[in-house]
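A short write-up of the structure that comes next.
The values are calculated or read from the model by the stated rules, or taken from the named source; none is laboratory data. All values reported here derive from a predicted model rather than from experimental measurement. Glycine gets a Cβ as well: all are built from the backbone with ideal geometry, and neighbour counts include every protein chain shown. SASA here: full protein model, heavy atoms, side chains in, ligands and nucleic acids out. Shrake-Rupley method; radii C 1.70, N 1.55, O 1.52, S 1.80 Å.
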Amino acid sequence: MKRYLVFALVGPFVGGFLLLLTTTYQSGYWTQTSLGEVGKLFAVFFKTLQYSYLFGVLPSLMIGAVDDILIHIRRIGPTLRMLLVGLFAFVLASLTYSSRGPDSGAVQFILYGMVGFVPSVISSWLVHRYVEEPQSAAAPT
């Protein structure tokens with residue numbers, strides 16, 4: 001249960017911030033703004049944080065479920081598990097957020113994929129580091 005709590009708390013927070021950074025980059029905000037206006041970015045982030053949790057908790061819990069499934073496979077170590085969870089989230093986020101129109105491309109695919117990859121890897125690492133992992137049961141004789 002702690003695993004899902006970590007994914008539900010960390011995923012929408014980090015993913016929402018990365019999604020905001022990605023959309024501001026895609027809109028050209030960073031080419032027209034100075035460092036003095038970065039405070040506006042954080043103001044928008046904290047004003048929209050409730051929506052990040054509203055729309056991000058369920059996908060984060062789904063990624064947490066994938067992490068929970070992979071932890072029960074003995075041959076998959078923690079590092080490989082983090083990578084697999086991150087790649088799964090990368091593909092899902094990039095397919096969910098990126099467009100398929102004429103403005104789509106590799107940069108957009110990668111940026112929106114990182115919105116899923118980074119929070120899922122951080123959450124998986126936190127779970128590995130701070131939550132007790134289940135011990136594998138001995139085979140019956």
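Some values worked out for this structure:
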read-out	value
Among 18-29, 109-120, 42-53, 58-69, the order from most to least packed when residues are scored by Cβ within 10 Å on average	109-120, 58-69, 18-29, 42-53
Gain on full stretching of the segment that runs from Tyr51 to Gln32 - 0.36 nm per residue minus C-alpha separation	4.2 nm
Carbon/sulfur fraction of accessible area - segment 1-115, other protein chains in place, 1.4 Å, %	72 percent
On Cα atoms only, tilt of 49-71 relative to the major axis of the chain in degrees	30 degrees
For segment 36-118, accessible area per residue (1.4 Å probe, heavy atoms of protein chains only), Å²	62 Å²
Rounded FRET efficiency, nearest 0.05, which uses the C-beta distance separating Ala65 from Tyr25 and R0 of 35 Å	0.70
Computed over segment 1-132, the ratio Rg/Rh where both radii use C-alpha atoms and Rh is Kirkwood	1.02
Modelled FRET efficiency - R0 35 Å, Ala43 with Leu5, Cβ distances, 0.05 increments	0.80
Cα centre as origin, Lys/Arg/Asp/Glu Cβ charges: the chain dipole, Debye	140 debye
